[in-house]
Amino acid sequence: MIEPTVSLSLTLESNPGTYACLLGSGVSATSGIPTGWGIIVDLVTRVARSLEDDPGDDPAAWYRARYGEDPDYSKLLDQVARTPTERARLLRSYFQPSEEERSRCVKAPTPAHRALASLAKRGFVLVFVTTNFDRLLEQALEDENIVPTVITNASDIEGAAPLSAGDVTVIKLNGDYLDTRIKNTPEELARYEPAIDALLDRVLDE
């Protein structure tokens, strides 16, 4: 039986531009951008140090011992950063490289991002749907001289080129790390704007 990767490769080649690509946090993890769990560990460590305590090698265990419950991503964010603006500023450091990180090419596009940008350059994949807040895919596309249409919220849909127009579109379901409207907690993720829902329906249907 033909391997699934071979079948997918042949299908993409035969039907350029008719597939959308879904990206999760794993594609950015090797760049040095932490996953949700990585952010939890860092926040717990910062809480412990603000109390002049040492969380040791297992910050989650320290948190359980002190507060009697597992560390919860949304609860931690809500307690450490009370407003959307504070939260956006707090999260920015996890996605935006410092000068020292930039010198080491940390938080920069990975080979996976560049491979996806290459597929877009050749017209094989023109729509990307991502739950990531970072801008690594956009950077990889720009390195290929592609300026994508980036949709981070419902207002961006108005005036955007149709998906069938042949332009590259990046749909950031949960927003962008520089925008205070990012969706990050269960309450925020419970519903999406009708225009975003309709756009996703189009992606799936077409």
- Message: Only Cα pairs within less than 10 Å get springs; with that Gaussian network setup on the chain, which residue of GLY159, GLY32, GLY17 has the largest fluctuation?
- Response: GLY159
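Given Cβ point charges of +1 (Lys, Arg) and -1 (Asp, Glu) and nothing else, what value in debye, to the nearest 20, does the dipole of region 31-118 about its Cα centre take? Don't skip to the answer; put the middle values down first.
Details: 13 positive and 14 negative charges, 102 e Å.
The calculated dipole for region 31-118 is roughly 500 debye.
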- Note on the structure: Largest fluctuation, ALA115, ALA195, ALA165 only, Gaussian network model of the chain with Cα springs under 10 angstrom, belongs to ALA165
- Given unit charges at Cβ for Lys, Arg (+) and Asp, Glu (-), the dipole magnitude of the chain about its Cα centre in debye, nearest 20, is 240 debye
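Could you give the length gained on full extension between ILE146 and ARG89, defined as 0.36 nm per residue of separation minus the Cα-Cα distance, in nm? Numbers along the way, then the final one.
Working: separation 57, 0.36 × 57 = 20.52 nm, distance 2.84 nm.
Here the segment from ILE146 to ARG89 would lengthen by 17.7 nm.
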- Under a point spin-label approximation (7 Å from Cα along Cα-to-Cβ), what is the VAL106-ASN15 distance to one decimal in nm? 4.2 nm
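In the chain, which longest range has no trypsin sites (Lys or Arg not before Pro) that are both DSSP loop (not H, G, I, E or B) and surrounded by at most 16 other Cβ atoms within 10 Å? Don't skip to the answer; put the middle values down first.
Values: sites that count: ARG82, ARG104, ARG122, ARG181, ARG191.
With trypsin sites (Lys or Arg not before Pro) excluded where exposed in loops, the chain gives 1-81 as its longest stretch.
Based on the alpha-carbon gyration tensor of region 1-110, what equivalent-ellipsoid semi-axes (square roots of 5 times the eigenvalues) come out, in whole Å, largest first?
Value: 37, 18, 15 Å, ordered largest first.
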- Report the local net charge at PRO55: Lys and Arg +1, Asp and Glu -1, summed over other residues whose C-beta lies under 15 Å from its C-beta. -3
- Item | Cβ-placed point charges (K, R +1; D, E -1), dipole of region 92-206 about Cα centre in debye, nearest 20 | 380 debye
- What does the accessible area per residue of the chain come to in Å², with a 1.4 Å probe and no ligands, DNA or RNA counted? 57 Å²
- Note on the structure: With 0.36 nm assigned to each residue of separation and the Cα-Cα distance removed, ILE157 to ASP179 gains 6.3 nm
- Message: How far apart, in nanometres, would the label points at TYR67 and SER118 be if each is projected 7 angstrom from Cα along the Cα-to-Cβ direction?
- Response: 4.4 nm
- Query: Considering only DSSP states other than H, G, I, E and B, which GluC sites (Glu not before Pro) in region 102-188 qualify as loop sites with at most 12 other Cβ atoms within 10 Å?
  - Reply: GLU158
- Message: Within the chain, what whole-number % of the accessible surface is contributed by carbon and sulfur, with the 1.4 Å probe and all protein chains included in the calculation?
- Response: 51 percent
- Note on the structure: Counting only residues 5 or more apart in sequence or on a different chain, those whose built amide H sits under 5 Å from that of LEU126 are GLY17, TYR19
- Task: Report Rg(Cα)/(2.2 N^0.38 Å) for the chain, keeping two decimals.
- Result: 1.16
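The values are calculated or read from the model by the stated rules, or taken from the named source; none is laboratory data. None of the values given here were measured: they were computed from a predicted structure. A quick note on method: Cβ atoms are made from the backbone with ideal geometry, for glycine too, and the neighbour counts reach across all protein chains shown. Each accessible area value is taken on the protein alone, full model and side chains, heavy atoms only, with ligands, DNA and RNA left out. Shrake-Rupley method; radii C 1.70, N 1.55, O 1.52, S 1.80 Å.
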